[in-house]
Ligand SMILES: [Zn+2]
Ligand SMILES: [Zn+2]
C-alpha cells in the first residue's frame, strides 16, 4: 500500500455489499445511486467465499469480478469504481484479483467449529453461551487470532475491529462499559496497529439502528491516535441508500478526538483526506 502525502476532498465509500453476497441491490443499482449522491469513488467489497459458512459470502467470485470490471469501464467518466473484497480472517481470499482487501473477523472458532458473531442476535447469544458470558474470555478468543491474522496478512483495511460489541446496546451491555474488557481490547488494538493497515471508522451498525456509535469504540480510537494509525470512513453498506451513512458526523467525531485527516482511495492510491 502506498500512502501519498497530498490531500483531496472526496465523498467515497469502500465497504459496500451487493446482491453478489448479502446486499440488497445489484452492483449497477449501487453505482447509479452513488453517482446520484455525487460520490467521487465507490469500492465494492463482497464477502469473500467462506467454505465453512455459505449463507453470506459470494458463491461466484469470477462473476463478481467481471461485473465490477464492466461497471468500472462503463461509468469511468462519472465515478471511480474499485474492485475490493471483504475477506474473513479465517478464510483469506486470493489477493491478486482485487484492488484492495478489507480484513474482518466475523466468527469465533472453537474446537474447529465456527460460530457467527454478527449475523443475528440469536447467533450471538450462542457465542455468549459458549463462553458463559465472560466478556474478557470472549475478547481474548476474538482478538488474539484476529490480531495474528492482521499482522501476518496486513490487509489494506481492517474491518469493524471490535465487532463483538455489536449488540451491546441491544440487551445486556457486556463490553463497552466494562473496564476489564476495555483494557484487553486496547491491548489488542495497539497490537493490530503494528500492521500499518488502515482501520475503518465503520458506521454500518448505526445505519441498522443497532448502535449509537461507530466501530471502533472511542477509547480504541484514542489508542489508534496515539499509535499514529490511519483511518478510513466506511458505511459497510448493504443498500444503495446508506452508502455514506453518517459520514458528516463521523468526520466531526474524529476531529474532536484529535484526528486531522482520514484516508481515501483516489486514482488507485490511498491518500489523505483532511477532516
Ligand atoms: Zn463484515
Ligand atoms: Zn461488510
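Criterion first (part of a loop (DSSP other than H, G, I, E, B) and either within 16 Å of ligand 2 (Cβ to nearest atom) or out of contact with any helix residue (DSSP H, G or I) (no Cβ under 9 Å at 6 or more places or on another chain) (or both)) does residue 177 satisfy it? So residue 177 fits the description; yes. Condition test on residue 230, is it surrounded by 17 or more Cβ atoms within 10 Å (Cβ to Cβ), in contact (Cβ under 8 Å) with a residue 40 or more places away in the chain and on the phi > 0 side of the Ramachandran plot? So residue 230 fails the test. Could you please tell me which pairs satisfy a Cβ distance under 6 Å, a separation of 6+ or placement on different chains, a first residue in region 80-109 that is without any contact (Cβ under 8 Å) to a residue 40 or more places away in the chain and under 21 Å from residue 216 (Cα atoms), and a second residue that is assigned to a strand (DSSP E or B) and more than 12 Å from ligand 1 (Cβ to nearest atom)? Filtered contacts from region 80-109: 108/115. The sole residue among 209, 191 that is farther than 14 Å from residue 160 by Cα, free of Cβ contacts under 8 Å to residues at least 40 places away in the same chain, more than 16 Å from ligand 2 (Cβ to nearest atom) and not in a strand (DSSP E or B) is 209.
Selection over region 55-72 of residues that are away from ligand 1 (no atom under 16 Å from the Cβ) and either on the phi > 0 side of the Ramachandran plot or surrounded by fewer than 16 Cβ atoms within 10 Å (Cβ to Cβ) (or both) gives a count of 7. Here residue 142 passes the criteria (1) crowded, with 22+ Cβ neighbours inside 10 Å; (2) within 16 Å of ligand 2 (Cβ to nearest atom) except the one numbered (2). Of the residues making up region 153-168, just one is in a loop (DSSP other than H, G, I, E, B), surrounded by fewer than 24 Cβ atoms within 10 Å (Cβ to Cβ) and within 11 Å of ligand 1 (Cβ to nearest atom), namely 166.
Here, each number is a calculation from the coordinates, and none is a lab measurement. This structure is a prediction, so every number in the text was calculated from the model and none was measured. Reconstructed Cβ throughout: ideal geometry from the backbone, glycine too, with neighbour counts over all protein chains shown.
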